[in-house]
Each structure stands twice: as C-alpha cells, then as structure tokens.
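This report concerns only the one structure given below.
The values are calculated or read from the model by the stated rules, or taken from the named source; none is laboratory data. Note that the coordinates shown come from a computational prediction; the quantities given were computed from them, not determined experimentally. As a convention, Cβ positions derive from the backbone with ideal geometry for all residues, glycine included, and neighbour counts pool all protein chains shown. Areas reflect the complete protein model, heavy atoms only, side chains present, ligands, DNA and RNA absent. Shrake-Rupley method; radii C 1.70, N 1.55, O 1.52, S 1.80 Å.
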Amino acid sequence: MHQFKYHQGALHCEEVNLQNLAEDYGTPLYVYSSQTLRNNYKRLHEALGNLDHHIAFAVKANSNLSVLRLLADLGSGFDIVSGGELFRVIKAGGDPKRCSFAGVGKTTEEIRYALEQGIYCFNIESLAELEFINNVAESISEIAPVAVRINPNVDAQTHKYISTGKAENKFGIDYEETMKVYERASALPHIQIKGIQMHIGSQLTNVSPFVEAVKRVIPLVKELQQTYGIEFFSIGGGIGIVYEEALASGPSHWWSEQENPPLSPDVYARELLPLLSALKLKIVLEPGRYMSGNAGVLLTSCLYEKKGRDKTFKIVDAGMNDLIRPALYEGHHEIVPIVERQSENTVIGDVVGPICESGDFFCQNRAIADFQQGDLIALMSAGAYSFTMASNYNSRPLPAEILVDGTETTVARKRQQWTDLIAGEL
Ligand code: LLP
C-alpha cells in the first residue's frame, strides 16, 4: 500500500502534486512518502503482535538521513553493512545498540568503529572473520557480540543476483559447519555469543521459502539456546513487493493490487508466528525493500522521442546511473505519466536514458503511455535499492531527494552540481 495516487488527473505523493515538485526541483528527482514508510513499518509491527520482535531496517535499501530519522523515530533498529551506514544511522539519530552489522568483508576500521559505538551484534559470515573480530576487539579491550549467519540452503525462488541462501552463494556458514563455529566462538575471550541469523534472499513473493528455512534452522536454534543461551534469532529480510502491473489495465488497477500484495505482512506473520512464538526468543527482522520500495518514485522528463526503424524510443533525462535495477536484475518499474491520460493511448517501445550503454533502459518493448517531449513520467517503486545504487557514471550529478509528509516537502538531499563531481580530485 502506498500514497502515490491521481487526484484530479495529476499524480500526487500524499497531498503534493508531483508536477509542482518537478517544476520546483527539476528532474530526475526522487520523491518519498513519509506516510507510506510509517504505514509499512506499523503494518509489519502490528502483524507480529505479541511476538518479542525487533525490526531492523536494511539501510542499504534507502540510506537517506531523513528516511532513517523517520524510521528511528518509530523505534526501528537498523541492519547495516558498512561503517558508512553506521555513521549515517548515528547521524540520523538512530541507536547503535539497535544495529546489526552484516556482510562478508568487514574491515579493521569498521569493526573498531562498530565496537566503539556499542552495536547490538556482528553477523559472522566465516571462521576467519570470527577470529579477526576477536583480535580487533582484544586490541581495544572490548567484547564483540556476535551471531553466526547460517546458510540454510533453501531456494528463495527469486532473481539469481538476489538469492543468498543456497550453498553455492558466498553468504553465511553451511548448516553442518555452524556448530563448530559456535564452539570456536565460545572459546574466544573477546567474543560473546548473542544469536543466530539467516537471510535467504530478496524480493520473495511467496512465503514458503521463509517457512522452509525457518523450519530447517529451528533445531539448531534450540540447540544453541540450550548450549549458549542465545537471545535472538534473526530471520533476515526479503519480503517482496509488487512491482509489476500491466498499465493496459489502467493505473487504478495497479493501485488496488498494492493493497493485496502476494506476500503481505499478514500472510508472512500468519505462517511464521506459530513456528517462531514457540521458541521464546527475540526475533529480529531485517526488511529493506518491503519498508521503502513502494514509498518512492523517480520522476523523469521526456527529452526526445526517436522513431527507430523497428521501434520507438522515448529518451528521458534519468539514466541507469540514477536507477540501475532494470539493467542489473531485469527489474521492472511501472512507468506512469504524471498527468493522467483519459484514453488508453499506448505505444510499444523502450524508455531509455542518456547513458552510452545499451543496458541503459527502464523498459523494453513494453506498452507504455504515448508521452511526448517535455512530459513528466514517474518510475514507480523506486524507494529501495534505487538512489542507494545510483552513481556518477557519465559524470552525471546525483539527483535530489524529496521527502513528502502530507502537504509538506523537505529537500532530503540536494541535487549534486558539476562542482561536486570533481570535489576531492587533483
Ligand atoms: N538482510 C541481509 C543480510 C541482506 O543481505 C539484505 C539484502 C536484507 C536484509 C534486506 O533485504 P530486503 O528485505 O530488502 O529484500 N539491490 C537488489 C537487492 C539486494 C539485496 C541485498 N541484501 C535489488 O535492487 O533488488
């Protein structure tokens, strides 16, 4: 569910007309809805009911300070993967004691910083990392709280680049090896065993891989409870969102689908709560996309239409450097005009950016509204893994980010200027 809707023929974010935002701040422009973020957080929190739980937003999905601050104010913790993300969380007023540090390649500097800030836990991905963290902790006379990330070897049924819970992936420790890593952890003087963690993949639209993975790991969780008195079990992130609805059915159809996504927090909770409640442990969740994916759009303007020999190209002022998901994961983002069209006047074509790469497209051979030069369009569901994956490729300044709350707009990040592109260079 989200707060991007047409009012009197104009696409709005909450009470704000997106056309006005584009005129005031230019394009390409990221726009986020505060109410959608709040609703998503509350919906998940409420679906989990009495379960002793802790929601840790995956910062990699959207690391804008204003977004992090909004979530911190709701009580969210944070799943971080770098020292930089921890720095952002702290700057946004988030509590380091509610941060878990994941990732296969933590550096000395990052581990030391996280220890000094007193984070909740390090999620360990290898035996070598465990030893390394123990050494860094010893060097500054700290004790590092850890959980082992287990790889449950479950097929998440998602795109191969965002599937992480199979034995062939680089993530986590094999089920059979996990106990040995805990044994070693218990022998290390600067390590404190705190929990167990898993994450099987991202953009899951079916609850069954989660159920399968949780069932597979539960016997181990029980053993760890008895042997080491662990305090939490993190089941990771991965709840998928609705990206794709045929424009041919009309935008109103698309909005209504958002109300009943294939994997809602209710379905997720209904299937998992019976398994998790029985454990009497704190359950940590690390949602990223679920929380912010449908809370953002990327506004872009049509620069030119080019009628090629075989097809029509709509060339827009956003490029793959601003939103790389279509190029990298064949990601689908709905493309809707800011001014609602009464007729279903569509054309089959590609929406492409200005970057010198054939992969620089937002859709290919899709039935799209027949928008023209100067028209504004929105690339929907661009609140997660969108701005955070943007780059300066082709020396293009990063877009601005706007946070809307009711009728209010905040410039959450200024548009970069050309001078920003060369800052720090000799
Ligand atoms: N926890 C861990 C350990 C993760 O690796 C991830 C995401 C999450 C939580 C959050 O997953 P989510 O709830 O957002 O599915 N850039 C890709 C997605 C990469 C996901 C990486 N890990 C995309 O745009 O689809």
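Quick notes
- Residues of the range 118-159 that turn out to be on the phi > 0 side of the Ramachandran plot and either polar (S, T, N, Q) or outside the structural domain of ASP174 (by TED's automatic domain parsing) (or both), as a count: 3
- Test: LEU224 is touching a helix residue (DSSP H, G or I) at 6+ places or on another chain (Cβ under 8 Å), open to solvent by less than 10 Å² (accessible area, probe 1.4 Å) and closer than 20 Å to LEU279 by Cα: yes
- Considering the range 96-211, the qualifying strands (runs of 3 or more DSSP E), each wholly inside and each with 3 or more residues that are within 21 Å of SER63 (Cβ to Cβ) and touching a residue at least 24 places away in the same chain (Cβ under 8 Å), run over 121-124.
- Subset of the range 271-295 that is out of contact with any helix residue (DSSP H, G or I) (no Cβ under 8 Å at 6 or more places or on another chain) and within 23 Å of ILE241 (Cβ to Cβ) - its residue that is most open to solvent (accessible area, probe 1.4 Å): LEU273
- Residues that are buried (at least 16 other Cβ atoms within 10 Å of the Cβ) and within 16 Å of the ligand (Cβ to nearest atom) within the range 323-343 comprise LEU323, ILE324, ARG325, PRO326, ALA327, TYR329, GLY331, HIS332, HIS333, GLU334, listed in sequence order.
- Residue match in the range 215-234 (condition: within 20 Å of ILE80 (Cα to Cα), aromatic (Phe, Trp, Tyr) and in a helix (DSSP H, G or I)): no
- Odd one out for MET320, checked against (1) more than 16 Å from the ligand (Cβ to nearest atom); (2) touching an Asp or Glu at 6+ places or on another chain (Cβ under 6 Å): (1)
- Residue in the range 279-295 that is nearest to the ligand (Cβ to nearest atom), counting only those that are at pLDDT 95 or above and over 19 Å from the mean Cα position of the chain (by Cα): ILE283
- Residue in the range 338-354 that is within 27 Å of the chain's Cα centre (by Cα) and small (Gly, Ala, Ser) present: yes
This table checks each residue for (1) more than 22 Å from LEU51 (Cβ to Cβ); (2) within 14 Å of the ligand (Cβ to nearest atom); (3) open to solvent by less than 20 Å² (accessible area, probe 1.4 Å).
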| site | (1), (2), (3) |
| --- | --- |
| ALA144 | yes, no, yes |
| ASN151 | yes, yes, yes |
| GLN157 | yes, yes, no |
| ARG184 | yes, no, no |
| HIS190 | yes, no, no |
| GLY236 | no, yes, yes |
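- Considering residues of the range 356-405 that are assigned to a loop (DSSP other than H, G, I, E, B) and of a type in the set (D, E, K, R) only, the residue least open to solvent (accessible area, probe 1.4 Å): ASP360
- Looking only at the range 246-270, and only at residues there that are open to solvent by less than 60 Å² (accessible area, probe 1.4 Å) and in contact with a Gly (Cβ under 8 Å, 6 or more places away or on another chain), the one that is modelled with the highest pLDDT: ALA269
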